[in-house]
Amino acid sequence: MKLQIHSGKKIGEINSEFQKAFPFLKLCFFRSDRFIEGTSHPAIRPESSTVIGKQDERELIFSYSGKTKVKKLEEKFRKEGLSMQVFRKSGRSWLVTTTSDEKTLGELNGIGEELSVIIPEEAETEADVY
């Protein structure tokens, strides 16, 4: 799979493309590397209309697959000057993946899927009725 980022592309568009392959993961972009360095810095909302690449006219192409390690994908973005962190779904929450950066995107997406399965309420049985 390839993710193309060019001047004028919105963060929401980037995330939509990425989540077609990995619906239980999302990419969060930051305005600086402070998050990467260990201090919290507000993320740009994943569905944001904020535009990437206003500074230059280059086109970036990031190749990835289910076998790509989270750490490698984040490093590719960082080398191009984009502060990005992968988040994983857990129930109704999104968790930063800093402790699971050695996992592949496929593995992490699978974990997110397992932790996000909604178990329907058990149907009432005759034994439950008093």
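The values are calculated or read from the model by the stated rules, or taken from the named source; none is laboratory data. Keep in mind that this is a model prediction, so the values were computed, not measured. Using ideal geometry, Cβ is built from the backbone for each residue, glycine included, and neighbour counts are taken over all protein chains shown. Side chains are part of the model used for accessible areas, which takes the heavy atoms of the whole protein and leaves out ligands, DNA and RNA. Shrake-Rupley method; radii C 1.70, N 1.55, O 1.52, S 1.80 Å.
General observations
- Straight-distance crosslink candidates among lysines, where the alpha carbon sits under 24 Å from LYS20 and sequence neighbours closer than 8 are dropped: LYS2, LYS9, LYS10, LYS67, LYS69, LYS71, LYS72, LYS76, LYS89, LYS103
- In Å², nearest 10: area of THR99 left accessible to a 1.4 Å probe: 140 Å²
- To the nearest 10, the accessible area of MET1 is 110 Å² with a 1.4 Å probe.
- Label positions at SER63 and VAL117, each projected 7 Å from the Cα along the C-beta direction, are separated by 3.5 nm.
- For THR68, distant residues with modelled amide H under 5 Å away: LEU105, GLY106
- Ranked order, ARG58, ARG88, ARG31, ARG78 - accessible area, probe 1.4 Å, largest first: ARG31, ARG58, ARG78, ARG88
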